[in-house]
């Protein structure tokens, strides 16, 4: 018998290999990236701040302007929300320079100074500024309403209520003239941290502020100081 011939099966069509490339997504369908949170501005470098302040004070002949420069520099390096410079005249401390961002927006810088300057601080009162002048020592408080028992001074909260402001952290240091005599006090209030939170003034803050405050010896001593 003749062998039957086998019919050849039709070849299967070859499938094209799938591309490994992922299709480009349309720009319209791509989700929008969320905006990045703004980083806080970096604090000025201390050495540069000292050099800058020293140059400013070198040609300054008006004591109040010189003290304002010093206070501004101290606030920049510490992030302080506010600050005051008191000058001793006899047995009282006068508000010589006042800087407060919160109150300035609310009532104007001139009005803030007018309200505070209306009542000088007596050295007989146990205020923090008086304590700094009389002891010639710096004071660094995490919370001005909780003063350690070994410090014989008090934060007058009536002053805060008078201007509708709350003092939390505080750093105060004496100001000396060219002869080393204490003629006033530089006081910083509320060290601002991230997102406007109030934190303490660190030991590094205190060291830098004392360095900047020492430059007060370059300016003329304010009139009437003892």
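Considering only segment 85-98, state which residues are surrounded by fewer than 22 Cβ atoms within 10 Å (Cβ to Cβ) and assigned to a strand (DSSP E or B).
89, 92, 94, 95
Inspect all residues belonging to segment 191-202 and state whether any of them is over 19 Å from residue 49 (Cα atoms), free of Cβ contacts under 8 Å to residues at least 60 places away in the same chain and not in a helix (DSSP H, G or I).
The answer is yes; a qualifying residue exists.
Here's a check for you: in segment 112-126, which residue that is outside any loop (DSSP other than H, G, I, E, B), more than 23 Å from the chain's Cα centre (by Cα) and in contact (Cβ under 8 Å) with a residue 24 or more places away in the chain is farthest from residue 84 (Cα to Cα)? Show your work before the answer.
Residues of segment 112-126 that are outside any loop (DSSP other than H, G, I, E, B), as a first pass: 112-117, 121-122.
Now drop any that are not more than 23 Å from the chain's Cα centre (by Cα), which leaves 114-115, 117, 121-122.
Then drop every residue that is not in contact (Cβ under 8 Å) with a residue 24 or more places away in the chain, which leaves 115, 121-122.
Numbers: 115: 13, 121: 13, 122: 16 Å.
The residue in question is 122.
Can you spot a residue in segment 101-112 that is buried (at least 18 other Cβ atoms within 10 Å of the Cβ) and either farther than 23 Å from residue 200 by Cβ or at pLDDT 95 or above (or both)?
Of all residues in segment 101-112, those buried (at least 18 other Cβ atoms within 10 Å of the Cβ) come to 103, 112.
Restricting the remaining residues to those that are either farther than 23 Å from residue 200 by Cβ or at pLDDT 95 or above (or both) gives 112.
Yes, because at least one residue in segment 101-112 is buried (at least 18 other Cβ atoms within 10 Å of the Cβ) and either farther than 23 Å from residue 200 by Cβ or at pLDDT 95 or above (or both).
The values are calculated or read from the model by the stated rules, or taken from the named source; none is laboratory data. These numbers were taken from a predicted model, which means no experiment stands behind them. Note: ideal-geometry Cβ built from the backbone for every residue, glycine included; neighbour counts use all protein chains shown.
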